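Let me give you the structure first, and then I'll get to my questions.
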Amino acid sequence: MNAMDQQYPTFRILLVDDEPAWLKSLSLTLRSCAGLTNISTCQDSREVMGLLAQGGIGLVLLDLTMPHLSGEELLKQVAEQYPETTTIVVSGLNQLETAVRCMKLGAFDYFIKTDDEDRIVGGVLRAVRMKEMQLDYLEMSSRLASGELQHPDAFAAIVTADRAMLNVFAYAEAVAKSPQPLMITGESGVGKELIAQAVHRLSGCRGKLVTVNVAGLDDTVFADTLFGHVRGAFTGADQLRRGMVEEAADGTLFLDEIGDLSIPSQVKLLRLLQEGEFFPLGCDQPRRLKARIIVATHQNLMEKESAGTFRRDLFYRLRTHQVHVPPLRERPGDITLLLDHFLREAAQALGRKKPTPPRELAQFLVMYSFPGNVRELKAMVYDAVSIHRDRMLSMESFLKAVGQSQPPVKESPSPSRQNPFAGFVDLPTFSDAAAFLVAEAMHRANGNQTMAARLLGISQPALNKRLKAMRPEPV
Ligand SMILES: Nc1ncnc2c1ncn2[C@@H]1O[C@H](COP(=O)(O)OP(=O)(O)OP(=O)(O)O)[C@@H](O)[C@H]1O
């Protein structure tokens, strides 16, 4: 056995045959035609199990007619003891029954030595890819199971301590190197683009991250933006235009707002993903897709697919890997962290000292639903910092922002507008009703008097007086 350069693939390919000339010519062919360099050879089939025990071998190519231990017997032993190892038979025997028996024993493929060289090379490459996908999958599963991030620095721009967000990071890291598409879903402003940037960083791709917002692009503009055109492709095309797919070569193409894509553009995108090639307008030479595709949407594509406005085949293709970023209101702990982060960032950007937020601000924000998510919080903080004058940040701009962006009260009568006493047989007294109301407001405001007073529409001193009056007399 002689070890050769350990380069590609990451696992070793072992060629087993008792004819040294065949071993030499096969390894040379695999090296020169397929770029496979991580190859070892073995002339004595009795040594194979020992070599497998040392580890690192992912694929075995074996002959059938060998002295001492036949290829078929060896195949049986490998399948039993190393089922994760892929085996390919390359035999001198052109017998259908033997081939069927080998496949039943678990061989991945069966070739005859007189087969076309291209066929053998193609079969080996198929097995290598399959093995790579298996290893990829195993690595992904173990990373997900461990829950630990190998490169937390890739997510440094994303401020969070939320468990669900950390799970999103673990998943994103696990699939970052996969060539398959990734779909990022979540409400507007939750940080989907930041996740796409982190995945690109983790992918190890040399190329750029190219972002295209596809919302509002009609089909012609979509095709031109993605695929580009050659000079003279249409009237006015006096310059060649490189499409974004080409710009993103060896990198990532991030298609934002994918839920807004028109049906004809969906067909074009599906073709790109299925065939792995595209034609710039006016060009009859296909170009290869060399970019990894990430898409994002705030829409429910499953619903769009049921309604017939999003193609099912594209939907399933795009969500090979899928990650959902939770809305900000579901991660209240992050609100305080993000408030502090944006206060520092805004103060720095505006060349001011970081203001101190009033104590009740964080509690107040936690009660807000943030329809615009982190983007909305960021805008609120920047606005407040830009207008504040004192050392202490005022609540005013936050109250105003929340008042303005709360969704309008629905048409249907809300419970608060119905008469809560209508069903009572015995009415409570005025003071009992007021005490219940005050207790409920304090509960909803998490004990914050300023907030509770706002909910009741009275001043804070007035609320304070009522609270004191409600306290039981000391005995
Ligand atoms: N966890 C976070 N930490 C720091 N900044 C964040 C975080 N999440 C979002 N942001 C900031 O909020 C803004 C919106 O984020 P981003 O553009 O990634 O959201 P999105 O989900 O892609 O929005 P849309 O659906 O509208 O495209 C950006 O300025 C981003 O930097």
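The values are calculated or read from the model by the stated rules, or taken from the named source; none is laboratory data. All values derive from a computational prediction rather than experimental measurement. Neighbour counts are summed over all protein chains in view; Cβ atoms, including those assigned to glycine, are modelled from backbone coordinates with ideal geometry.
Would you confirm whether any residue within the stretch 85-105 is in a helix (DSSP H, G or I) and in contact (Cβ under 8 Å) with a residue 40 or more places away in the chain?
no
If you take the residues in the stretch 188-206 that are touching a His at 6+ places or on another chain (Cβ under 9 Å) and either without any contact (Cβ under 8 Å) to a residue 12 or more places away in the chain or surrounded by fewer than 20 Cβ atoms within 10 Å (Cβ to Cβ) (or both), which one is nearest to I258 (Cα to Cα)?
S188
Go through the stretch 226-243 and report how many residues are touching a strand residue (DSSP E or B) at 6+ places or on another chain (Cβ under 6 Å) and surrounded by fewer than 19 Cβ atoms within 10 Å (Cβ to Cβ).
Residues in the stretch 226-243 being touching a strand residue (DSSP E or B) at 6+ places or on another chain (Cβ under 6 Å) and surrounded by fewer than 19 Cβ atoms within 10 Å (Cβ to Cβ): 4 in total.
On to the next question. Please determine, by comparing only the residues of the stretch 314-338 that are free of Cβ contacts under 8 Å to residues at least 60 places away in the same chain and more than 11 Å from the ligand (Cβ to nearest atom), which one is surrounded by the fewest Cβ atoms within 10 Å (Cβ to Cβ).
For the stretch 314-338, the residue satisfying everything is Y316.
A further question on this structure: Give me a count of the residues in the stretch 183-216 that are among the charged types (D, E, K, R) and within 13 Å of the ligand (Cβ to nearest atom).
Residues in the stretch 183-216 being among the charged types (D, E, K, R) and within 13 Å of the ligand (Cβ to nearest atom): 3 in total.
Can you go through D219, D162 and tell me which one is within 16 Å of the ligand (Cβ to nearest atom), of a type in the set (D, E, K, R) and in contact with a helix residue (DSSP H, G or I) (Cβ under 8 Å, 6 or more places away or on another chain)?
Of D219, D162, the one residue that is within 16 Å of the ligand (Cβ to nearest atom), of a type in the set (D, E, K, R) and in contact with a helix residue (DSSP H, G or I) (Cβ under 8 Å, 6 or more places away or on another chain) is D162.
Could you grab the pairs with beta carbons closer than 9 Å, sequence gap of 6+ or different chains, first residue in the stretch 8-33 and assigned to a loop (DSSP other than H, G, I, E, B), second one of a type in the set (D, E) and crowded, with 20+ Cβ neighbours inside 10 Å?
D17/D63; D18/D63; E19/D63
Restricting attention to the stretch 106-122, which residues are part of a strand (DSSP E or B) and either among the acidic types (D, E) or not assigned by TED's automatic domain parsing to the domain that holds E72 (or both)?
Listed by number, the list holds a single entry, D109.
A further question on this structure: Would you list the helices (runs of 4 or more DSSP H) that sit entirely within the stretch 203-278 and hold 2 or more residues that are in contact with a Pro (Cβ under 7 Å, 6 or more places away or on another chain) and farther than 18 Å from T309 by Cα?
By residue number, no helices (runs of 4 or more DSSP H) qualify.
Could you check, for the stretch 144-151, whether at least one of its residues is more than 10 Å from the ligand (Cβ to nearest atom), assigned to a helix (DSSP H, G or I) and not aliphatic (A, V, I, L, M)? Before you say what the answer is, go through the steps one by one.
From the stretch 144-151, those more than 10 Å from the ligand (Cβ to nearest atom) are 144-151; that's our starting set.
Now narrow it down to the ones that are assigned to a helix (DSSP H, G or I): 144-146.
After this cut, where a residue has to be not aliphatic (A, V, I, L, M) as well, the list is 146.
Looking through the stretch 144-151, at least one residue is more than 10 Å from the ligand (Cβ to nearest atom), assigned to a helix (DSSP H, G or I) and not aliphatic (A, V, I, L, M).
OK, next. If I filter the stretch 367-381 down to residues being more than 10 Å from the ligand (Cβ to nearest atom) and part of a helix (DSSP H, G or I), which single residue comes out as surrounded by the most Cβ atoms within 10 Å (Cβ to Cβ)? Full working, then the answer.
Applying the first criterion (more than 10 Å from the ligand (Cβ to nearest atom)) to the stretch 367-381 yields 367-371, 380-381.
If we keep only those that are part of a helix (DSSP H, G or I) too, we end up with 380-381.
On the way: M380: 22, V381: 28.
In this case the residue turns out to be V381.
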